[in-house]
């Protein structure tokens, strides 16, 4: 089974879409197998992260902004690829550091995630974007 999730971001941040994936697996009658998710863009990432305390997402965002600041920050003056805006090349760097695909086991139609784990699109650009995440479920059958 395959599908594509279309997600809208409102700029830099983490956007949980676990319920979308769970609903798709249920609608398709998934059983046991492996789910693969792949984001089809070079300036965002995918992440499995805590979904109980929103401060986790805020702290992650702050950490990555500190690790890879905007291209107009003096520490980033070495960057050459800047014509798409000061957030573009830093977004590519962050995307190179974080995963762009995830593999999640599925048992009895349910993703085998931990109690506080959720699936996130991590938007690295400051403007809103439409993002696509390709999903492929491979059954054990």
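A compact table of results
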{"quantity": "Residue-span extension gain [residue 16 to residue 1] - 0.36 nm each, minus C-alpha spacing", "calculated": "3.2 nm"}
{"quantity": "Three-way shape label, region 22-63, alpha-carbon gyration tensor, a/c 1.5", "calculated": "oblate"}
{"quantity": "For 42, 115, 12, order by how many other beta-carbon atoms lie within 10 Å, fewest first", "calculated": "115, 42, 12"}
{"quantity": "Taking the chain and dividing mean pair separation by its residue count, relative contact order in percent (alpha carbons under 8 Å, at least six apart)", "calculated": "54"}
{"quantity": "Cα-based helix-to-principal-axis angle, 18-27 vs the chain, degrees rounded to 10", "calculated": "30"}
{"quantity": "Segments 91-103, 122-134, 74-86, 26-38 sorted - mean Cβ within 10 Å per residue, highest first", "calculated": "122-134, 91-103, 26-38, 74-86"}
{"quantity": "Förster-model FRET efficiency, 41 Å R0, residue 139 and residue 83, C-beta, rounded to 0.05", "calculated": "0.35"}
{"quantity": "Label-to-label distance, nm, for residues given as residue 97 and residue 23 (7 Å Cα→Cβ offset)", "calculated": "3.3"}
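Bear in mind these aren't lab numbers, they're just calculated from the coordinates by the rules spelled out. In this text the structure is predicted, and so the values were computed from the model without any measurement. Counting neighbours? That spans all protein chains shown, and the Cβs are built from the backbone with ideal geometry, glycine included.
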